[in-house]
Amino acid sequence: MKLEGVLFDLDGTIVELNLDFERIRKEIGIEERFILEAINKMDGNRKRIAMDILRKIEVESALSSRLVPGVRELLEFLKDVGIKSGIVTRNCRDAVMTILGKHEIYIDCIVTREDAPPKPSPEPVRTALKKLSLDPEKTLYVGDFLFDIMAGKSAGVRTVLLVNERNMEFRDMADLAVPSMDDLKRLIEDMIDHE
């Protein structure tokens with residue numbers, strides 16, 4: 001496989017998982033597990049208020065975010081070897097830009113919920129592929145949750161699960177699984193060496 005691009009989920013993949021989902025549910029007044037899906041069932045003013053609450057908490061979270069170990073080195077490596085990078089997230093654009101600015105990291109492309117229907121839809125992954133002119137068969141999508149694997153597979157890219165104690169049940173669903181960004185970097189180095 002000639003690798004042209006690597007796309008990443010954001011929360012739990014690029015930055016350590018720090019969104020307080022219980023606080024979000026409480027402030028919005030929902031009980032459903034999947035927040036965006038619950039908000040999208042709302043109408044009018046209630047939906048706008050819920051989205052504003054979600055955005056505010058996402059940006060607060062972004063301000064206190066910490067990079068997952070090895071992310072900076074991996075992104076610099078990808079840039080050095082000419083492999084394009086992108087973020088595909090259910091988060092808002094303001095949160096992503098806050099994270100990129102805070103940590104001074106460079107990404108070639110960002111696709112948020114403002115750009116395409118959220119994962120598990122394949123549309124945000126397809127949007128990133130189009131923006132970066134990437135061949136799906138030469139692209140990896142790295143994430144930490146079932147929706148990442150579902151979106152990536154439906155978009156025709158190879159999926160990589162960043163394994164942690166919360167997501168072991170999805171390990172066999174992904175094409176590849178790695179325990180850390182350092183392991184992902186080594187995997188990509190091997191792919192490049194064998195092209």
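The values are calculated or read from the model by the stated rules, or taken from the named source; none is laboratory data. For clarity, every value in this text was computed on a predicted model and none was experimentally measured. All Cβ positions, even for glycine, are placed from backbone atoms using ideal geometry, and neighbour counts span all protein chains on display. Ligands, DNA and RNA are excluded from the accessible area calculation, which covers all protein heavy atoms including side chains. Shrake-Rupley method; radii C 1.70, N 1.55, O 1.52, S 1.80 Å.
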task: Round to the nearest 10 and give me the degree value, 0 to 90, for the angle of helix 146-155's Cα axis relative to the longest principal axis of the chain.
output: 60 degrees
message: Tell me the accessible surface of S154 in square angstrom (1.4 angstrom probe, heavy atoms of protein chains only), to the nearest ten.
response: 70 Å²
query: Separation of the range 116-132 and the range 133-183 by C-alpha centroid, Å?
result: 15 Å
Loop-located trypsin sites (Lys or Arg not before Pro) in the range 103-195 whose Cβ has at most 15 other Cβ within 10 Å (DSSP): R166
- prompt: Between the DSSP loop rule and a limit of at most 13 other Cβ atoms within 10 Å, which trypsin sites (Lys or Arg not before Pro) in the range 55-111 are left?
  reply: R66
query: DSSP loop GluC sites (Glu not before Pro) in the range 23-90 with at most 13 other Cβ atoms within 10 Å of their Cβ, which ones?
result: E31, E32
- line: Heavy-atom accessible area with a 1.4 angstrom probe orders Y141, Y106, most exposed first, as Y106, Y141
- request: Anything over 26 Å Cα to Cα? Flag those among K56/K79; K2/K153; K2/K185; K41/K84; K26/K153; K2/K79, in the order listed.
  value: K56/K79; K41/K84; K26/K153
Amide H within-cut-off set for R158, under 5 Å, with H built and near neighbours excluded: T139, Y141
- prompt: At 222 nm, what helix-only mean residue ellipticity would the chain give, in deg cm²/dmol to the nearest 500, using -39500 (n - 2.57) for each DSSP H run of four or more?
  reply: -14000 deg cm²/dmol
field: Long-range tail of P(r) for the range 1-43 (Cα pairs > 12 Å, %)
entry: 69 percent
task: Counting only heavy atoms of the protein chains, get the accessible area per residue of the range 1-77 (1.4 Å probe) and round it to a whole Å² value.
output: 53 Å²
Apportionment of accessible area to carbon and sulfur, the range 70-195, percent (1.4 Å): 48 percent
message: Helix 71-81 against the longest principal axis of the chain: what's the angle in degrees, Cα atoms only, rounded to the nearest 10?
response: 50 degrees
Diffusion constant of the chain at 4 °C, which comes from Stokes-Einstein with the Kirkwood Cα-pair radius and 1.567 mPa s, µm²/s: 76 µm²/s
